[in-house]
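The values are calculated or read from the model by the stated rules, or taken from the named source; none is laboratory data. Small disclaimer: the values here were computed from a predicted structure and weren't measured. Note that we place each Cβ from the backbone using ideal geometry, even for glycine, and neighbour counts take in every protein chain shown.
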Amino acid sequence: MHWILVFLISMAIVALLMPMFIRLMEKYKFLDEAGGRKIHEGYTAHMGGIVIFLGFVLAFGFSFFSIKYLVSGFEVSSFFILLAFITILGIRDDMNSLSPQTKLIFEVIVGLCLCGLGVRITGFGGFLGIHTLPVWISYLLTIFFFIVVSNAFNLIDGIDGQAGLQAVAVFGFVCLFLWWMLPSSIYDKLVGLQNPYLWLMITASILGAVAGFLFYNWQKARIFMGDTGSLFVGFLIGIIIIVCMNLNNKYPGRIFGCEMKSRLGVILTFFFLPLADTLRVFIQRIKKGKSPFFPDKTHIHHILLRVWGFNHAQCAVTTFAIQVFVSSLFLFLSLFFNDNILAILIFVVWLLYVFLLRFLAERKMKHNKVINS
């Protein structure tokens with residue numbers, strides 16, 4: 001249970017450092033001003049992702065002594081240098097907004113480097129009859145995946161507590177997968193960046209850091225993670241999901257002794273809601289003749305706030321509950337269906353999500369009109 005201790009250390013570091021960091025941001029006027037699409041009030045400190053990153057690195061450093069025989073210093077240092085680079089990119093964007101093209105170029109470069117370290121989608125585990133991917137397709141698909149996941153996470157970061165709770169849901173299920181579902185026999189068999197114990201420590205470190213951040217990001221938030229945090233945490237989500245898919249492909253997880261038939265799809269559902277909502281919003285914008293990247297207020301949290309009258313905390317808890325329910329559902333379904341069937345079921349659940357969100361929103365708006373008339 002060493003990973004639980006790492007989680008607690010990471011959470012404590014962030015919880016202790018964050019008040020000092022907030023005062024520092026307020027002193028030097030690094031504040032996020034309300035207005036436009038920003039739905040908070042007044043001025044709020046941001047770039048909380050810096051403290052999340054510090055807590056994550058320091059807690060992992062504590063755990064590294066127990067796993068250094070499994071990985072080389074070069075691999076670990078290279079991995080953390082790339083994460084630091086992504087964090088610095090987010091800091092730069094928070095201080096003086098970068099163009100989307102500039103951010104994309106740097107994200108592609110980091111993605112290429114991660115692929116070079118071996119963190120890439122290597123195969124589909126039999127989905128659509130595909131087992132192993134050619135290297136060039138593997139690189140392209142992995143980089144595309146990093147960009148999609150990091151941007152989907154950034155888009156879900158629209159209200160107090162929501163991005164943090166979504167990250168907790170993802171990393172919580174990943175910890176469960178790495179600790180409980182994977183065969184224990186592979187922990188000493190695999191070395192380097194393929195070792196699941198390494199990733200359990202990494203996941204526990206970031207889970208604790210985000211949990212510590214939530215103390216100060218809950219309604220009414222004293223600080224936001226900013227692009228500094230959303231870019232870094234989003235990239236790390238993409239990395240960890242790919243690692244778990246590769247592990248589950250070679251060493252299928254087990255739930256109460258029963259082997260999971262799904263290799264990829266079940267892991268992807270750990271990040272279902274941000275991906276599902278981003279896809280829904282993009283399609284909706286395209287249907288209206290707008291660019292999919294055109295900013296608006298049609299994400300699920302905007303609908304819950306505007307139509308249902310939820311506050312930020314209620315929205316965050318609602319979206320968290322949806323994510324936990326979907327992940328739990330597909331963990332159960334993975335015992336019975338392979339990825340060819342599970343992909344269809346994921347699409348059906350996405351359609352249900354889109355239909356129910358629209359139906360309930362329209363029904364609530366009609367109800368509100370009747371009351372106000």
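Among the residues of the range 215-251, how many are within 19 Å of PHE171 (Cα to Cα) and either in contact with a Cys (Cβ under 7 Å, 6 or more places away or on another chain) or in a loop (DSSP other than H, G, I, E, B) (or both)?
2
Exactly one of these conditions fails for PHE145: (1) surrounded by fewer than 22 Cβ atoms within 10 Å (Cβ to Cβ); (2) in contact with a Cys (Cβ under 9 Å, 6 or more places away or on another chain); (3) within 24 Å of ILE341 (Cα to Cα). Give me its number.
(2)
Just to check your reading of the model, which residue among LEU214, LEU231 is without any contact (Cβ under 8 Å) to a residue 60 or more places away in the chain, within 26 Å of ILE303 (Cβ to Cβ), of a type in the set (A, V, I, L, M, F, W, C) and crowded, with 19+ Cβ neighbours inside 10 Å?
Result of the check over LEU214, LEU231: LEU214.
Got a number for residues in the range 243-285 being closer than 17 Å to ILE344 by Cα and hydroxyl-bearing (Ser, Thr, Tyr)?
2
Taking the criterion of being more than 19 Å from PHE145 (Cα to Cα) and assigned to a helix (DSSP H, G or I), would at least one residue in the range 271-285 satisfy it?
The answer is yes; a qualifying residue exists.
So, of the residues in the range 281-332 that are under 29 Å from PRO100 (Cβ atoms) and of a type in the set (Ser, Thr, Tyr), which turns out to be farthest from the chain's Cα centre (by Cα)?
So the residue we want is SER291.
Looking at (1) free of Cβ contacts under 8 Å to residues at least 12 places away in the same chain; (2) buried (at least 21 other Cβ atoms within 10 Å of the Cβ), find the lone condition where GLY129 falls short.
It is condition (2) that GLY129 fails.
Given the residues VAL76, VAL119, which is the only one that is crowded, with 16+ Cβ neighbours inside 10 Å and either touching a strand residue (DSSP E or B) at 6+ places or on another chain (Cβ under 7 Å) or not in a loop (DSSP other than H, G, I, E, B) (or both)?
Result of the check over VAL76, VAL119: VAL76.
Among the residues of the range 175-220, which ones are closer than 23 Å to GLY116 by Cα and basic (Lys, Arg)?
Correct list: LYS189 only.
Within the range 60-67, can one find any residue that is among the hydroxyl-bearing types (Ser, Thr, Tyr), within 22 Å of ILE237 (Cα to Cα), surrounded by 14 or more Cβ atoms within 10 Å (Cβ to Cβ) and modelled with pLDDT under 90?
Yes, some residue in the range 60-67 is among the hydroxyl-bearing types (Ser, Thr, Tyr), within 22 Å of ILE237 (Cα to Cα), surrounded by 14 or more Cβ atoms within 10 Å (Cβ to Cβ) and modelled with pLDDT under 90.
State yes or no: is PHE235 within 30 Å of THR44 (Cβ to Cβ), touching a helix residue (DSSP H, G or I) at 6+ places or on another chain (Cβ under 7 Å) and at pLDDT below 95?
It is false that PHE235 is within 30 Å of THR44 (Cβ to Cβ), touching a helix residue (DSSP H, G or I) at 6+ places or on another chain (Cβ under 7 Å) and at pLDDT below 95.
Checking the structure you have, find out if any residue of the range 93-105 is in contact with a His (Cβ under 8 Å, 6 or more places away or on another chain) and of a type outside the set (Lys, Arg). Walk me through it before giving the result.
Pass one, the range 93-105, residues in contact with a His (Cβ under 8 Å, 6 or more places away or on another chain): 94.
Keeping just the survivors that are of a type outside the set (Lys, Arg) gives 94.
Yes.
Can you tell me which of LEU190, LEU128, LEU198 is in a helix (DSSP H, G or I), under 26 Å from ALA84 (Cβ atoms) and hydrophobic (A, V, I, L, M, F, W, C)?
Values: LEU190 fails: in a helix (DSSP H, G or I); LEU128 fails: under 26 Å from ALA84 (Cβ atoms).
Of LEU190, LEU128, LEU198, the one residue that is in a helix (DSSP H, G or I), under 26 Å from ALA84 (Cβ atoms) and hydrophobic (A, V, I, L, M, F, W, C) is LEU198.
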